[in-house]
1. Can you tell me how many residues in segment B:184-208 are within 14 Å of chain C (Cβ to nearest Cβ), assigned to a loop (DSSP other than H, G, I, E, B) and in contact (Cβ under 8 Å) with a residue 24 or more places away in the chain?
2. Limited to segment B:24-62, what total is found for residues that are free of Cβ contacts under 8 Å to residues at least 40 places away in the same chain and either touching a helix residue (DSSP H, G or I) at 6+ places or on another chain (Cβ under 7 Å) or under 24 Å from residue B:121 (Cα atoms) (or both)?
3. Out of B:101, B:109, I need the residue that is buried (at least 18 other Cβ atoms within 10 Å of the Cβ), away from chain C (no Cβ under 14 Å) and either in contact with a helix residue (DSSP H, G or I) (Cβ under 6 Å, 6 or more places away or on another chain) or over 26 Å from residue B:3 (Cα atoms) (or both). Which one?
4. From the list A:302, A:313, exactly one residue is in contact with a helix residue (DSSP H, G or I) (Cβ under 8 Å, 6 or more places away or on another chain), farther than 18 Å from residue A:229 by Cα and touching a residue at least 60 places away in the same chain (Cβ under 8 Å). Which is it?
5. Out of (1) assigned to a helix (DSSP H, G or I); (2) surrounded by fewer than 24 Cβ atoms within 10 Å (Cβ to Cβ); (3) in contact with a strand residue (DSSP E or B) (Cβ under 7 Å, 6 or more places away or on another chain), what's the single condition that is false for residue B:74?
6. How many residues are in contact with a strand residue (DSSP E or B) (Cβ under 9 Å, 6 or more places away or on another chain), surrounded by fewer than 18 Cβ atoms within 10 Å (Cβ to Cβ) and within 14 Å of chain C (Cβ to nearest Cβ) if we restrict to segment A:92-114?
7. With (1) more than 14 Å from chain C (Cβ to nearest Cβ); (2) buried (at least 21 other Cβ atoms within 10 Å of the Cβ) as the list, and residue B:150 as the residue in question, which single condition is left unmet?
């Protein structure tokens, strides 16, 4: 049985509210809040970036399961905001965790689904007996253009998963749906991403999310009712709710993982943060549907089955605990923290 | 070991001296010392110079050779040595000059200090190289931060206040009004100091000595030769040096500079004087807290009671033990490598009775020159 | 600012708090040392990972420094092993108190300009913010 052996998360302490951003641009906060379903988002500190966030999340994952870091045979970090365009974040993580020199390694990019792609690669390597444990990380300090709609949601956070045998949640199956769809992108050397507005909805997010979920269910014989929890990529709070309805999944099942409301869209960590929030409360034998989405575009779907081992697993502090440990900043400080003013 | 005396002293004005180059500075100080000693120059058998960082400030190394050259001493091919111990480089030059004469190797030597800092932008950054570059500077713990850590702990343990620190700055500025060589010759008030902005809490701008340009020089001779040169030789009764771990976090007691304690105890032992015999002292007030801790580590006050001494005015001119009658590093300015020798110039001038309006009645004096946060200390005791 | 090989040599000791322990005199040292300063060649020094938890002995808020994030907090910390370290605190000045318990975190220390490498290392935060 192969699956998630341990998980760790990191959410920066600072928050900026939708109210505050709307105030600056003279927009109507209530409309935005009800339209996106987001109230506030996380903001990294001046000395935090995707590497520091990845390390903190990974250290928590290792501390919780107490494996010897040297038994980690692969490290993959997925992000849209790696500190370097050339030079991997994953080696910084490897060094900070004391993994040694014997590990497979690379950074991944596939917009918001690079973290789940990392899980698939680690899963395959464990299954092929190439490695004992793999470390899959999705982390971002997302950058949004001021006054653009995405400014309300682009946030920061990271999730680290250790994949191996004797898991707390078994990866029963995984399925990906991929196509060449330019819904959201950033050209090299451009500071901010561009997007196709409403084009990012049906032809992008929904087409891939639904196709991946349905593909998984058809190929492996699942029905919507087989899942106790569903976690979708969360660019806002509305899309996951619609996706659940389109799949015939009770929308109550996505509530536990719907962290976007209070921390925004953590991009490569987005669906994984929802998954971690679910694992914080899941009971043995419960089944979780995880479907990520990355622009460009593709979705990775997983069926995860919680095992008995989760009862002994130290799950505190929980994701929702971390979400409520926060401090508000104003727009000026926000710009300073995001490096947009010096 | 034979007795050694100071027979000539010279010092430039300290400050932001745009018109003066490195070479201009040491020539000026050297000539003044030779004129003071009424020597021609060919009598000088060796040269010792303290300079912290000409390499970083002006890209020049091989300083001693440069000085020997420009002062005409290279014509005689005398041995020329540059010594470095951060801002204790001057005191270190004095010590090596002293050893050269006391040991009998030479009869007449010159010890100088010089630093040219104004040409670069970040003088404090370069002075901070006195700290541990890898483990203090790298993480942002520059010299002000390190002394601030000491200050805050001193305040917590012993009740020293920011006002006590400010009194040191006020005293030294007042003294400098009567020192034509000081950078700042204007009095400042307690409010001025307390209202100045923080540079590293609790240390404020006016708790911090300004890093500046300057040069100073003294000529040392053996007792026998000294008596032929001058009527007012001032003898070095002891010149002692000690080291300590370079980084603040490695010190056993962050509030005590063990190097100062060791060097001063040895100096008292060798000279036969005790702390209460010292009638004037020039100490290393790179930050005001350093002067207060110096009172304690030199034995003028018990550990923790340094602030009491300044509060009660005992270190003012007219007090029990006048400290920094020249204005100290705070008001004279801290010309890094030149400071240690400038301190000697002041004590010698005072012991000779030539200090004009800032004169005190003293027969025994002491200088304390420190490197960084106390990894090097040089304590010298002088008497008439 | 910091030449690349010079930074690289110390990466493992900055990313993690790895110090030295002398089996002869049983003292801990941070940063790590080539020789035990007390036993010198009689010492048996080896690398040891430190706990990363301790308490604040003293601190200062630095306003004039090279660090990009001004003002920043520097603290003298006594780790649980008894060894002292000077480090940055990644928290607000108002939150710091002498005696408070702190734990280590992984943060950015700076970079060698826009084009240069990024310096990472260990800072501390209060255990109970």
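The values are calculated or read from the model by the stated rules, or taken from the named source; none is laboratory data. Please read these numbers as outputs of a predicted model, since none were measured by experiment. Cβ coordinates were reconstructed from backbone atoms using ideal geometry, including for glycine residues, and neighbour counts include every protein chain displayed.
1. Kept after step one, since they are within 14 Å of chain C (Cβ to nearest Cβ), are these residues of segment B:184-208: B:196-208.
Those left that are additionally assigned to a loop (DSSP other than H, G, I, E, B): B:196-197, B:201-202.
Still in the running and in contact (Cβ under 8 Å) with a residue 24 or more places away in the chain: B:201-202.
Within segment B:184-208, residues that are within 14 Å of chain C (Cβ to nearest Cβ), assigned to a loop (DSSP other than H, G, I, E, B) and in contact (Cβ under 8 Å) with a residue 24 or more places away in the chain number 2.
2. Number satisfying all stated conditions: 8.
3. Details: B:101 fails: either in contact with a helix residue (DSSP H, G or I) (Cβ under 6 Å, 6 or more places away or on another chain) or over 26 Å from residue B:3 (Cα atoms) (or both).
One residue alone meets the criteria, B:109.
4. After ruling out the rest, the residue left standing is A:313.
5. In the conditions (1) assigned to a helix (DSSP H, G or I); (2) surrounded by fewer than 24 Cβ atoms within 10 Å (Cβ to Cβ); (3) in contact with a strand residue (DSSP E or B) (Cβ under 7 Å, 6 or more places away or on another chain), residue B:74 misses (3) alone.
6. Matching residues across segment A:92-114 total 2.
7. Looking at each condition in turn, residue B:150 falls short on (1).
Table: residues versus (1) in a strand (DSSP E or B); (2) more than 11 Å from every other protein chain (Cβ to nearest Cβ).
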position: C:5; (1), (2): no, yes
position: C:12; (1), (2): no, no
position: C:21; (1), (2): yes, yes
position: C:31; (1), (2): no, no
